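Report on the structure given below.
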Amino acid sequence: MFRAARAVLFSMRFKERRYFVIGIILERLSRDGKLESKYINDFRAATSSREDVDYRYIYSLDTATYLVNTAEEFLERMKKLIKL
């Protein structure tokens, strides 16, 4: 999801590597009516889950399954956003 969101930023001529800033740009796109808020929430949930795994060793099969499905949908939406 991070890479898909970064691709959107690159298409807007932004070059950013931090999850926090990418979230802010996604919020701006939502505010401008170009992106549904669901995708911001999905991005934040994925970021939080990644931090849980990387730093707190918290993970589950249910969360992983949910995030794979969410990531597929997120990727398709980011592809559409780039085409605009």
* Could you list all residues from the stretch 20-35 that are part of a helix (DSSP H, G or I), of a type in the set (Gly, Ala, Ser) and free of Cβ contacts under 8 Å to residues at least 24 places away in the same chain? => Ser30
* **Residue within the stretch 63-79 that is aromatic (Phe, Trp, Tyr) and either over 28 Å from Arg13 (Cα atoms) or over 16 Å from the mean Cα position of the chain (by Cα) (or both) present** => yes
* Taking Glu36, is it at pLDDT below 90 and either in contact with a helix residue (DSSP H, G or I) (Cβ under 8 Å, 6 or more places away or on another chain) or buried (at least 17 other Cβ atoms within 10 Å of the Cβ) (or both)? -> no
* **Any hit, the stretch 52-60, residues being surrounded by 12 or more Cβ atoms within 10 Å (Cβ to Cβ), in a helix (DSSP H, G or I) and at pLDDT below 95** => yes
* **For Lys38: the one exception among (1) free of Cβ contacts under 8 Å to residues at least 24 places away in the same chain; (2) more than 12 Å from the chain's Cα centre (by Cα)** => (2)
* Structure fact -> Scanning the stretch 61-72 for residues that are in contact with a helix residue (DSSP H, G or I) (Cβ under 9 Å, 6 or more places away or on another chain) and either loosely packed, with under 14 Cβ neighbours inside 10 Å or among the aromatic types (Phe, Trp, Tyr) (or both), the one modelled with the lowest pLDDT turns out to be Ala64
* Applying the selection to the stretch 43-69, what residues are among the β-branched types (Val, Ile, Thr) and within 21 Å of Val21 (Cβ to Cβ)? -> Thr47
* With respect to the numbered conditions (1) among the charged types (D, E, K, R); (2) within 15 Å of Ile82 (Cβ to Cβ); (3) not in a helix (DSSP H, G or I), which one is the sole condition not fulfilled by Arg17? -> (2)
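The values are calculated or read from the model by the stated rules, or taken from the named source; none is laboratory data. Computed from a prediction, not measured in an experiment: that's the story for all the values here. Heads up, the Cβs are rebuilt from the backbone with ideal geometry, glycines too, and the neighbour counts pull from every protein chain shown.
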